[in-house]
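Report on one structure; see the data block that follows.
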Amino acid sequence: MADLNTVTEDSSAETRNTEKFSLKTRFNLPRTSILVANAENNLSSRARRQLSRTSSFRGGYNRRFIRYENTYRMGPDDDHEVDLIRIRRIATDVIEKAIANYKYDGNQAKQFSVALAERVRNEIKQLPFPRYKIVTQVSIGQKKGQDLRITSRCLWDLRWDRHITITKETLDAYVTVTIFYIYTE
């Protein structure tokens, strides 16, 4: 008897599963079949697809995107090379202003380092060095007589990519800011 009960329960579960799937209507067309309503609709849809590949429809006007070709520039122009002395001076001023009255607090150190990195990066972005990506890394710690070395390793082009490391100290904290300038082709 126990076997019959389990068989009937399985069959009712199977009918429930088939009911779920039978509610949706599915269209199964072979891959080689083509639906053709009329020739005019096919031409207009083809023209619409070709138009949408090269332009977009905005505000009722049919405007085409302007596509720029690659410049294939492998290095910066002579007047747009990175001036490390100028960058160091600007970054040092921003860091000194930020840590003038800074007292180390472990709970607020993360927020302070993120804000300082943003402030330094925004000031450096004002400089006229196009095609460079700027990465700033800020490390803040409490001074307790320990020794600390911060290192980095990068894979880059030695002719154009640069970095600067600036370290400042207050009475109870140290701040190390590393700025990477990476030329993008």
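Report the local net charge at residue 175: Lys and Arg +1, Asp and Glu -1, summed over other residues whose C-beta lies under 9 Å from its C-beta.
Residues close to residue 175 contribute a combined charge of 0.
For the residues 67, 119, what sequence is obtained by ranking on other C-beta atoms within 10 Å, fewest first?
Going from sparsest to densest Cβ surroundings: 67, 119.
Find out how many positive minus negative residues lie around residue 77, taking Lys and Arg as positive, Asp and Glu as negative, among other residues whose Cβ is under 15 Å from that of residue 77.
Surrounding charge for residue 77 is -2.
Considering only Cα-Cα distances, which of the following residue pairs are longer than 20 Å: 97/133; 103/133; 103/144; 144/168; 97/144; 125/168?
Table pairs above 20 Å Cα-Cα are 97/133; 103/133; 97/144; 125/168.
Mind ordering 68-74, 141-147 by average Cβ neighbours within 10 Å, highest first?
Result, highest mean Cβ count within 10 Å first: 141-147, 68-74.
Which of the three applies to the stretch 123-166, rounded, prolate or oblate, going by the alpha-carbon gyration tensor with a ≥ b ≥ c and a/c under 1.5 meaning rounded?
Here the stretch 123-166 falls in the oblate category.
Quick check: from the Cα gyration tensor, does the stretch 78-183 come out rounded (a/c under 1.5), prolate or oblate?
prolate
Here, each number is a calculation from the coordinates, and none is a lab measurement. Source: prediction; values computed, not measured. Here the Cβ is made from the backbone with ideal geometry for all residues, glycine too, and neighbour counts use every protein chain on show.
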